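Structure first, then comments.
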Amino acid sequence: MPSENPSDTPGDIAIRVANLSKHFRVYEQPFDRLKEALLFNRRNYHIAVNALTDISFTVRRGESLGVLGPNGAGKTSLLSILTGILAPTTGSVDVYGRVGAILGLGIGFLPAYTGRENLRNGLIARGVPLHELEREEAKIIEFSELGEAIDNPLRTYSAGMNMRLGFSLAISIDPDILVVDEALAVGDAAFQNKCQKEIRRFMEQRKTLVFVSHNMAILEATCERGILLDRGRIAYDGDIKDALRRYEFRYFGDEFLLSQPHDGKDWGDPKAQLVRAEVLNAVRAQKNVFEMHQGDLAHLRVTVRIGQPIERPSLGVVVRTALGRDVCGYSTSSASEPVPRIEAGEFSFEVRVPLNVSAGMYTFEIGIADMVTHPPRLVHIWEEVCAARVLPAGYAIRGLVDPGIELVFNAKAYSLRAENEKRSGVSPDSN
């Protein structure tokens, strides 16, 4: 975990957490709580559950922190303590600034009250003066797009409507720190997009974001730093890409990877070695960098040496931008005809990637796993086996990659595929 700079002052820090632990008492029957109290602790009727154990970290102003981990890792408990909903058992939490929070669906709302009543109570609790209530209330209702439903009891709201109300209230107070739980995963796509735009606007002001989500793409796009929680402890604290990768590795059940040093490019069994990786049909511009054009088919050959057999191999490739953003990928793990057993020693396989992408630099990641166990055993991942500099060829692509879009006019289809075939002299009907 990154160490705290002794010169930091509260002016530089948004959140400071020191030696934080949270323990819950779980009783088998409700009456057991009373019996334990009346007996003055001469006998315990509860089981202690450790939600968080000795957590320490700081978040600087303007930083975006993603908190991730499996269910039961302690994410919601941590966020509930940061926002003052729960008190820590031991340790301390200091928060410097106004906090806006969206924790779960309807937390802090009363189901029997209408949306408007809950909204007004929330504004009063956040210190909004009475003479400003009506104006602030109108702004929030307009942003939430709840319309006449604002005067219906909250118990009639769907999960998406709850999220609309909660997010609109949290962002309305112009917080210094925004804490967002998985609540944004519900609701319609249009309002989710509206929320994400608001979060981007929030971050452009160099304010502080703490974001919990199981959506890896959103975390990578939104956050610069990640904390991985595992059974109430911090398993990793650092760059968001490394945090996400370590979280992904836990799917493979490979604890070895989580305790070994690495250079961010090479993960797995040290006996698995990358011998060679090259693009066969491209010009090598420099070491491990090949030049191609939009629409070309990148033909890679990868040679690997392994120290033990792989009973049921899974071969995978991921294409990324130079900034590390995933473009596309494929794995043989779900193939109806599995890859046959690979013996110890050296072997090669080929990868073909249609570069129907925008011009720019792209890297290729290769991964190998053994699917014979559950969860699978990761053999190795090489993050950047080689790179392709894709030169412009006059293709008009919006975004990173063309998935096969067609535009049809007067019964004629216009597409990148059709243009590729025309330029290469291949008949569209030959396939």
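The values are calculated or read from the model by the stated rules, or taken from the named source; none is laboratory data. Treat the numbers as computed from the prediction; the structure is a model and nothing was measured. We place every Cβ from the backbone using ideal geometry, glycine too, and count neighbours over all the protein chains shown.
With respect to the numbered conditions (1) more than 22 Å from the chain's Cα centre (by Cα); (2) without any contact (Cβ under 8 Å) to a residue 40 or more places away in the chain, which one is the sole condition not fulfilled by ASN71?
Among (1) more than 22 Å from the chain's Cα centre (by Cα); (2) without any contact (Cβ under 8 Å) to a residue 40 or more places away in the chain, ASN71 violates only (1).
Go through the stretch 340-360 residue by residue and tally those that are more than 16 Å from ALA277 (Cβ to Cβ) and either in a strand (DSSP E or B) or not assigned by TED's automatic domain parsing to the domain that holds PRO309 (or both).
5
Among the residues of the stretch 82-103, is any among the aromatic types (Phe, Trp, Tyr), at pLDDT 85 or above and surrounded by 14 or more Cβ atoms within 10 Å (Cβ to Cβ)?
Yes, because at least one residue in the stretch 82-103 is among the aromatic types (Phe, Trp, Tyr), at pLDDT 85 or above and surrounded by 14 or more Cβ atoms within 10 Å (Cβ to Cβ).
Is it true that some residue in the stretch 153-162 is at pLDDT below 85 and surrounded by fewer than 18 Cβ atoms within 10 Å (Cβ to Cβ)?
Yes, some residue in the stretch 153-162 is at pLDDT below 85 and surrounded by fewer than 18 Cβ atoms within 10 Å (Cβ to Cβ).
On the given criteria, is PRO375 part of a loop (DSSP other than H, G, I, E, B) and within 27 Å of the chain's Cα centre (by Cα)?
When the stated conditions are applied, PRO375 passes them.
Look through the stretch 117-152, keep the residues that are among the small types (Gly, Ala, Ser) and closer than 12 Å to ILE173 by Cα, and return whichever of them is modelled with the highest pLDDT.
The selected residue is GLY122.
For the structure I just gave you, tell me whether SER172 is buried (at least 18 other Cβ atoms within 10 Å of the Cβ) and at pLDDT 80 or above.
Against the criterion (buried (at least 18 other Cβ atoms within 10 Å of the Cβ) and at pLDDT 80 or above), SER172 qualifies.
Quick one: which of GLY316, GLY295, GLY329 is outside the structural domain of GLU220 (by TED's automatic domain parsing) and in a loop (DSSP other than H, G, I, E, B)?
Testing whether each residue is outside the structural domain of GLU220 (by TED's automatic domain parsing) and in a loop (DSSP other than H, G, I, E, B) leaves just GLY295.
Tally time: how many residues in the stretch 401-427 are in contact with a strand residue (DSSP E or B) (Cβ under 8 Å, 6 or more places away or on another chain) and among the hydroxyl-bearing types (Ser, Thr, Tyr)?
Count: 2.
Could you run through the stretch 313-335 and say how many residues are modelled with pLDDT under 90 and over 19 Å from ALA387 (Cα atoms)?
3
Give me the residue from the stretch 197-216 that is free of Cβ contacts under 8 Å to residues at least 24 places away in the same chain and outside any loop (DSSP other than H, G, I, E, B) and, out of that set, surrounded by the fewest Cβ atoms within 10 Å (Cβ to Cβ).
The extreme case among them is GLU204.
Being under 26 Å from the mean Cα position of the chain (by Cα), among the acidic types (Asp, Glu), outside any helix (DSSP H, G or I) and farther than 30 Å from GLY74 by Cβ, is that true of even one residue in the stretch 176-189?
yes
What residue, among those in the stretch 66-79 that are hydrophobic (A, V, I, L, M, F, W, C) and surrounded by fewer than 24 Cβ atoms within 10 Å (Cβ to Cβ), is farthest from ARG16 (Cα to Cα)?
ALA73
Scanning the stretch 329-387 for residues that are of a type in the set (Lys, Arg) and in contact with an Asp or Glu (Cβ under 6 Å, 6 or more places away or on another chain), which turns out surrounded by the most Cβ atoms within 10 Å (Cβ to Cβ)?
Result: ARG377.
Within the stretch 217-233, can you find the residues that are over 18 Å from GLY74 (Cα atoms) and assigned to a helix (DSSP H, G or I)?
Across the stretch 217-233, the qualifying residues are ALA217, ILE218, GLU220, ALA221, THR222.
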